[in-house]
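K.L.:
Can you read through this structure? Questions will come right after.
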Amino acid sequence: METRPLDRAIQDLQQHKDVWARLPVARKVDYLQGIMDASAASAPAQVAAANQAKGIPADAPAAEEEWIHPYLTIRLIRLLRDSLRQIAVSGRPRLPRDSIRTRSDGKVVVRTFPLSLLDRFLYRGCRSELWMQAGVTAENLADNMAAFYRQEQPSGKVALVLGAGNVASLGPGDILHKLFVEGQVCLFKHNPVNAYLGPFLEDAFRALIRDGFLRTADGGPEVGEYLCHHPDIEEIHLTGSDRTYEAIVFGPGEEGKQRKLANQRRLEKRITCELGNVSPVIVVPGPWSRADIRYHAANIATQMTNNCGFNCLAARVLILHQAWPQGRALLDELRAVLAAAPQRQAYYPGAEQRYDRIVAANPTAEPIGSRAPGVIPYTLVTNLEAGDIHNPLFTSECFMPVLAQTALPGRDAAEFLRNAVEFCNRTLWGTLTACILIQPEVAHSLGHDFETALDDLRYGTVAVNHWGALGFAWGSPPWGAPPGHTPADIQSGVGMVHNTFLFDRPLKSIVHAPFRTWPTPPWFITRRQVRHIFPGMVSLEVRPNLLTALRVAAFALRGQ
């Protein structure tokens, strides 16, 4: 392996790290504007490249799915730009009016979505709140924002960012966080799975590369290993698997396992990371109508199959009430939705081998569709015993379009929900995101019990009636595992990104959506007429205006 180019890149960053740390905020705003313009210009070509790499025909409804990622990236850039403009004027980001409240237990809650009339128009009835860590009060909240920008003479650092291989928005989002939230220059290592995105990223960030604040590298695990242990790499950020994290921190193989058991790290650098999840969908029993069942079967199927299930936030375990009379109808409708959906290419390396292992461990696995070379059928594994705590579908992220289902007891909705929360916290691996589907009247009847359930679920994002991916896409709710994990029990990781308000001490985000929305969200797997919606949303982020919003809404109404 040739290491001299890597050494030169790190040396360049070392020479420029303090320049970046002390650069006037207004200059950083200029960089963000340039990244936004370039990202918007290259979005069509990037989407086409991703669809080609993932084997998605250009005229398939799934081809529009990739537009979510330039939308998300450009929204992140816009929100960061707005926050930095406010920091330049007043020293901290400006929160929306009347957005702060204090819960009865003293926790401060900040509304992080919607942020504008356009947000309200496009995501009617949706909102997100950020719950802050203990010790943050309404009075000292401003002192717990934008810590890097409160320093008079900040010192720079060189961060290594190890890119994820599944979707196009993760790498840019991680780079933006390290540069503009934490004030660190970056060496970004492309993941070999989606290295085809390299030219688009490097074009978007070309000004930062030109001025010595960003460098990129290609290569496999051996390059990552060399960079992680390089003495001039001061921090590391990783989006990937817990196995990759443990190999970095403790080492590979049996020696690494023994180091982990003894909690003997071989790398003491600060490492932040987002490491996936066995994401639960908790269905709280209630008198669901036929339309409710159809809507949420599509909702669950979307969470399971988006990007062929190669998402850290994909639905992995469906939790039903044992005595809910409509549970069978929901599963039958879910089967019908999956049967009608086109099969996807299993593009992520090792997926077919992982699928074979999951099926071997679960003989009742029910493929919805045919197995073919390069294709994993959408698969349900129903009626798993909740006490089967060592089942790999509970204990590890399967990273493919497979959904397990289990059932829990409860004399009523409140007891079932308590049991579901305990099951998620005790049995399921990961702490990234969870979803609860619950009718408003049932939630109202639960009263404080429902608020307690949201509080007790140990996840960085809890979504009510929709997919946690909404919080990921909005950019303003911080995204990641809740604080408190240790290297020996890392779960979904340490640290949060997408933190465009620059909160220093976030705890968890709560995403709320209506029980059913109209029109059907364009990302639902059941939508067929979705062309122009996401390109229009990209345009709307670049230049927010009512006319473009009306056009997007008109496209969204087609096919209802």
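The values are calculated or read from the model by the stated rules, or taken from the named source; none is laboratory data. Model, not experiment: these values are computed from the prediction. Note that each Cβ is placed from the backbone with ideal geometry, even for glycine, and that neighbours are counted across all protein chains shown.
K.L.:
Are any residues in the range 114-171 among the polar types (S, T, N, Q) and within 25 Å of the chain's Cα centre (by Cα), and if so, which ones?
P.N.:
Residues satisfying the conditions are SER116, SER128, GLN133, ASN144, ASN166, SER169.
K.L.:
Next question, about the same structure. What tally of residues in the range 400-422 results from selecting those that are over 24 Å from ASP332 (Cα atoms) and not acidic (Asp, Glu)?
P.N.:
Count: 5.
K.L.:
Can you say whether LEU162 is in contact (Cβ under 8 Å) with a residue 40 or more places away in the chain and touching a Pro at 6+ places or on another chain (Cβ under 7 Å), as far as the supplied structure shows?
P.N.:
It is false that LEU162 is in contact (Cβ under 8 Å) with a residue 40 or more places away in the chain and touching a Pro at 6+ places or on another chain (Cβ under 7 Å).
K.L.:
Go through the range 121-143 and report how many residues are of a type outside the set (A, V, I, L, M) and closer than 18 Å to THR500 by Cβ. Please lay out each step first, then the result.
P.N.:
Narrowing the range 121-143 to residues of a type outside the set (A, V, I, L, M): 121, 123-129, 131, 133, 135, 137, 139-140, 143.
Imposing the further condition that a residue be closer than 18 Å to THR500 by Cβ reduces the set to 123, 126-129, 131.
Final tally of qualifying residues: 6.
K.L.:
Scan the range 301-315 and tell me whether some residue there is in contact (Cβ under 8 Å) with a residue 12 or more places away in the chain and surrounded by fewer than 20 Cβ atoms within 10 Å (Cβ to Cβ).
P.N.:
No, every residue in the range 301-315 fails to be in contact (Cβ under 8 Å) with a residue 12 or more places away in the chain and surrounded by fewer than 20 Cβ atoms within 10 Å (Cβ to Cβ).
K.L.:
Now, a different point. Can you name the condition, by its number, that TYR378 falls short on among (1) aromatic (Phe, Trp, Tyr); (2) surrounded by fewer than 22 Cβ atoms within 10 Å (Cβ to Cβ); (3) in contact with a strand residue (DSSP E or B) (Cβ under 6 Å, 6 or more places away or on another chain)?
P.N.:
All conditions are met except number (2).
K.L.:
Out of the residues in the range 392-407 meeting the condition of being small (Gly, Ala, Ser) and within 22 Å of the chain's Cα centre (by Cα), tell me which one is surrounded by the most Cβ atoms within 10 Å (Cβ to Cβ). Break it down stepwise before answering.
P.N.:
Initial filter on the range 392-407 (small (Gly, Ala, Ser)): 396, 404, 407.
Filter once more, keeping what is within 22 Å of the chain's Cα centre (by Cα): 396, 404.
Working: SER396: 18, ALA404: 27.
Out of the qualifying residues, it is ALA404.
K.L.:
Also, I was wondering about something else. Among the listed residues ALA217, ALA204, which satisfies the condition of being among the aliphatic types (A, V, I, L, M), buried (at least 17 other Cβ atoms within 10 Å of the Cβ) and either under 23 Å from the mean Cα position of the chain (by Cα) or in the same structural domain as ASP449 (by TED's automatic domain parsing) (or both)? Reasoning before the result, please.
P.N.:
Working: ALA217 fails: either under 23 Å from the mean Cα position of the chain (by Cα) or in the same structural domain as ASP449 (by TED's automatic domain parsing) (or both).
Exactly one residue qualifies, and that residue is ALA204.
K.L.:
While we're on this one: Could you check the range 81-123 and list, in sequence order, the residues that are of a type in the set (A, V, I, L, M, F, W, C) and either under 23 Å from TRP523 (Cβ atoms) or in a strand (DSSP E or B) (or both)? Spell out the reasoning first.
P.N.:
First, pick out the residues of the range 81-123 that are of a type in the set (A, V, I, L, M, F, W, C): 84, 87-89, 95, 100, 108-110, 113, 115, 117-118, 121-122.
The answer is ILE100, VAL108, VAL109, VAL110, PHE113, LEU115, LEU117, LEU118, PHE121, LEU122.
K.L.:
Report, ordered by the first and then the second residue, all pairs with beta carbons closer than 8 Å, sequence separation of six or more or different chains, a first member in the range 233-249 that is at positive phi, and a second member that is buried (at least 22 other Cβ atoms within 10 Å of the Cβ) and in a helix (DSSP H, G or I).
P.N.:
none
K.L.:
Continuing with this model, one more query. Quick one: in the range 322-346, which of the residues that are under 26 Å from the mean Cα position of the chain (by Cα) and in a loop (DSSP other than H, G, I, E, B) is surrounded by the fewest Cβ atoms within 10 Å (Cβ to Cβ)?
P.N.:
PRO342
K.L.:
Right, something else. Take the range 99-119 and flag every residue that is farther than 14 Å from LEU141 by Cβ and touching a strand residue (DSSP E or B) at 6+ places or on another chain (Cβ under 8 Å).
P.N.:
Within the range 99-119, PHE113, PRO114, ASP119 qualify.
K.L.:
Tell me which of these VAL108 doesn't satisfy, since it passes every other one: (1) more than 19 Å from the chain's Cα centre (by Cα); (2) surrounded by 20 or more Cβ atoms within 10 Å (Cβ to Cβ); (3) touching a residue at least 40 places away in the same chain (Cβ under 8 Å).
P.N.:
Going through the list (1) more than 19 Å from the chain's Cα centre (by Cα); (2) surrounded by 20 or more Cβ atoms within 10 Å (Cβ to Cβ); (3) touching a residue at least 40 places away in the same chain (Cβ under 8 Å), VAL108 breaks only (3).
K.L.:
Oh, and also: Hey, among the residues in the range 515-535 that are over 14 Å from VAL552 (Cα atoms) and touching a helix residue (DSSP H, G or I) at 6+ places or on another chain (Cβ under 8 Å), which one's surrounded by the most Cβ atoms within 10 Å (Cβ to Cβ)?
P.N.:
Top of the filtered list is ILE525.
K.L.:
Another question about this same structure. Return the only residue of ALA40, ALA26, ALA21, ALA50 being among the small types (Gly, Ala, Ser), under 21 Å from ASP218 (Cβ atoms) and assigned by TED's automatic domain parsing to the domain that holds GLY173.
P.N.:
ALA50
K.L.:
Out of ILE389, ILE319, I need the residue that is closer than 21 Å to THR427 by Cβ, assigned by TED's automatic domain parsing to the domain that holds TYR295, loosely packed, with under 13 Cβ neighbours inside 10 Å and of a type in the set (A, V, I, L, M). Which one? Steps first, please.
P.N.:
On the way: ILE319 fails: loosely packed, with under 13 Cβ neighbours inside 10 Å.
It is ILE389.
K.L.:
Could you say whether any residue in the range 157-174 is charged (D, E, K, R) and closer than 24 Å to VAL511 by Cβ?
P.N.:
There is at least one residue in the range 157-174 that is charged (D, E, K, R) and closer than 24 Å to VAL511 by Cβ.
K.L.:
Return the only residue of ASN311, ASN307 being in a helix (DSSP H, G or I), within 16 Å of PRO401 (Cβ to Cβ) and out of contact with any Ser or Thr (no Cβ under 8 Å at 6 or more places or on another chain).
P.N.:
ASN307
K.L.:
Another question, then. Tell me which residues, restricted to the range 22-65, are part of a helix (DSSP H, G or I) and either at pLDDT below 95 or among the polar types (S, T, N, Q) (or both).
P.N.:
GLN33, SER39, SER42, GLN46, ASN51, GLN52, PRO61, ALA62, ALA63, GLU64, GLU65
K.L.:
Within the range 415-434, can one find any residue that is in contact with a Cys (Cβ under 8 Å, 6 or more places away or on another chain), small (Gly, Ala, Ser) and touching a residue at least 12 places away in the same chain (Cβ under 8 Å)?
P.N.:
For the range 415-434, residues in contact with a Cys (Cβ under 8 Å, 6 or more places away or on another chain), small (Gly, Ala, Ser) and touching a residue at least 12 places away in the same chain (Cβ under 8 Å): present.
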